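Here the structure comes first, spelled out in structure tokens, and everything after it is commentary.
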Amino acid sequence: MNTELQASNAFELVRQLTLEYSIRTRSEALRFRTALAGKSFVLHGNETGASAIVTDTIKKTDFEMARYSKLLETLSSRINAAGLHVAEADLAAVLLRSLSDTVRTFVCIILEVNHIMHSCHSLALGTTATCICLK
């Protein structure tokens, strides 16, 4: 009996926490989206090494976008979620804002503007050494 009571209390706790920390309105979701689109994820020397700064910046950006997507999943199904997801162009803008000036120039010259996020992922995974030389 005691085990059943504890299980039901744990479920209630999770339910209450979910209600408390989920997005409740469309305007609240838009505020989170706008804040995320305006952020810059500049890493400092103690957060990464010189050889991995581009890769770590991309990872940090991806992590924050995944957190927002997870938060967006808590939005009620009654609320229209159209336009609340972060667009590829917004992702590219956040990433470009987060990179150093030299790397940003390299990315803008070399990579296709329409596919910056995909190209940066490929670049970071395959040719990080090129960006290290530019830093």
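The values are calculated or read from the model by the stated rules, or taken from the named source; none is laboratory data. Note that the coordinates shown come from a computational prediction; the quantities given were computed from them, not determined experimentally. Using ideal geometry, Cβ is built from the backbone for each residue, glycine included, and neighbour counts are taken over all protein chains shown.
Which of the residues belonging to the range 23-42 are closer than 17 Å to SER76 by Cβ, part of a loop (DSSP other than H, G, I, E, B) and aliphatic (A, V, I, L, M)?
ILE23
For the range 97-116: of the residues being closer than 12 Å to THR57 by Cα and surrounded by 17 or more Cβ atoms within 10 Å (Cβ to Cβ), which is modelled with the lowest pLDDT?
This residue is VAL103.
Kindly indicate the residue of the range 47-76 that is at pLDDT 85 or above and small (Gly, Ala, Ser) and also farthest from the chain's Cα centre (by Cα) among those meeting that condition.
Among those residues, the one meeting the criterion is SER69.
Here is a yes/no grid of residues against (1) under 19 Å from LEU96 (Cβ atoms); (2) of a type outside the set (Phe, Trp, Tyr):
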{"site": "LEU30", "(1), (2)": "no, yes"}
{"site": "THR34", "(1), (2)": "yes, yes"}
{"site": "LEU43", "(1), (2)": "yes, yes"}
{"site": "ASN46", "(1), (2)": "no, yes"}
{"site": "ILE53", "(1), (2)": "yes, yes"}
{"site": "LYS59", "(1), (2)": "yes, yes"}
{"site": "MET65", "(1), (2)": "yes, yes"}
{"site": "TYR68", "(1), (2)": "yes, no"}
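Looking at the range 53-93, which of its residues are outside any helix (DSSP H, G or I) and farther than 16 Å from THR34 by Cα?
GLU73, THR74, LEU75, SER76, SER77, ARG78, ILE79, ASN80
If you scan the range 20-65, which residues turn out to be surrounded by 15 or more Cβ atoms within 10 Å (Cβ to Cβ) and hydrophobic (A, V, I, L, M, F, W, C)?
Across the range 20-65, the qualifying residues are ILE23, ALA29, PHE32, LEU36, ALA37, PHE41, LEU43, ALA52, ILE53, VAL54, ILE58, MET65.
Assuming ARG15 fulfils every condition listed in (1) modelled with pLDDT under 85; (2) in contact with a helix residue (DSSP H, G or I) (Cβ under 8 Å, 6 or more places away or on another chain); (3) basic (Lys, Arg) apart from one, which condition is it?
Unmet condition: (2).
May I ask you to list pairs of residues, at least six apart or on different chains, whose Cβ atoms are under 7 Å apart, with the first in the range 6-22 being closer than 16 Å to SER76 by Cβ and the second being modelled with pLDDT of 80 or more and not in a helix (DSSP H, G or I)?
Filtered contacts from the range 6-22: THR18/THR74; SER22/THR74.
Which pairs turn up if I take residues in the range 38-57 that are among the hydroxyl-bearing types (Ser, Thr, Tyr) and look for partners that are loosely packed, with under 13 Cβ neighbours inside 10 Å and assigned to a helix (DSSP H, G or I) with beta carbon separation below 9 Å, at least 6 apart in sequence or on another chain?
Note: pairs meeting the criteria are SER51/ALA129; THR55/LEU125.
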